Structure formats: C-alpha cells, structure tokens
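Engineer: Pasting a structure below so you can have a look.
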Amino acid sequence: MVLSGSAEPCAQLVVSSIGVVGTAEQNKAHSARFFDILTAQLGLGQERIVIRFYPLEPWQIGKNRTVMTFL
C-alpha cells in the first residue's frame, strides 16, 4: 500500500458499525482511541495510519439467514 506517496510500512483500519460511527464527534473520539492502540502496537507514526469509518443501517448486515432489521 502506498500512503502519501511512500511505500514505507503503513496501516489502514476500516470500521463499520450500526449506530456507532455516524457523526464527526463520534468518529473523532473513536479515532483518538484507535490511533493510541495502533501506534503503540504497530510502532507506526500517526502519519502512516488511515482510519475509514462506515456507518451502516441494520438492513445492510445479514445474520442468521436474515438482516439485522428483523433480529
């Protein structure tokens, strides 16, 4: 993966959730915690990490032969 024009070690975290990653304020708080963990565990600088947040609706997640809307 190339990040900011460099192929140096880097990481991308993709977070998708129902009702947890829907606002900028929520994601700002989540981002800070994730960066603390990722920089400590991976030994990467913050500039080498990208986090992508995807809010989901219950109908977009399948489980037990149905979707979360009906569970």
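Engineer: Can you show me the helix-derived [θ] at 222 nm for the chain, built from DSSP H runs with n ≥ 4 at -39,500 (n - 2.57) apiece and divided by the number of residues, rounded to the nearest 500.
Structural biologist: Rounded to the nearest 500, the figure is -9000 deg cm²/dmol.
Engineer: In whole Hz, what ³J(HN,Hα) sequence does the stretch 56-65 give by Karplus (6.51, -1.76, 1.60; θ = phi - 60°), x for Gly and Pro?
Structural biologist: Per-residue couplings from phi come out as 10, 9, x, 6, 8, 10, x, 7, 6, 6 Hz.
Engineer: Non-local amide H neighbours of Ser17 (under 5 Å, H modeled in plane, Pro and chain starts lacking H): which ones?
Structural biologist: Excluding prolines and chain starts, which carry no amide H, the hits are Tyr54, Leu56.
Engineer: Restricting things to alpha carbons, tell me how big the chain is in terms of Rg and Dmax, in Å.
Structural biologist: Calculated on Cα positions, Rg and Dmax stand at 15.3, 45 Å.
Engineer: If r is the Cβ-Cβ distance from Ile37 to Arg65 and R0 is 25 Å, what FRET efficiency results, to the nearest 0.05?
Structural biologist: After rounding to 0.05, the efficiency reads 0.15.
Engineer: At a 1.4 Å probe radius, carbon and sulfur cover how many percent of the accessible area of the stretch 11-70?
Structural biologist: Roughly 55 percent, rounded to a whole number.
Engineer: What does the accessible area per residue of the stretch 11-70 come to in Å², with a 1.4 Å probe and no ligands, DNA or RNA counted?
Structural biologist: For the stretch 11-70, the solvent-accessible area averages 72 Å² per residue.
Engineer: Report for the stretch 11-70 the percent antiparallel among DSSP-assigned beta bridges with both residues inside it, nearest 5.
Structural biologist: 20 percent
The values are calculated or read from the model by the stated rules, or taken from the named source; none is laboratory data. This structure is a prediction, so every number in the text was calculated from the model and none was measured. Using ideal geometry, Cβ is built from the backbone for each residue, glycine included, and neighbour counts are taken over all protein chains shown. Accessible surface areas use protein heavy atoms only, side chains included; no ligands, DNA or RNA. Shrake-Rupley method; radii C 1.70, N 1.55, O 1.52, S 1.80 Å.
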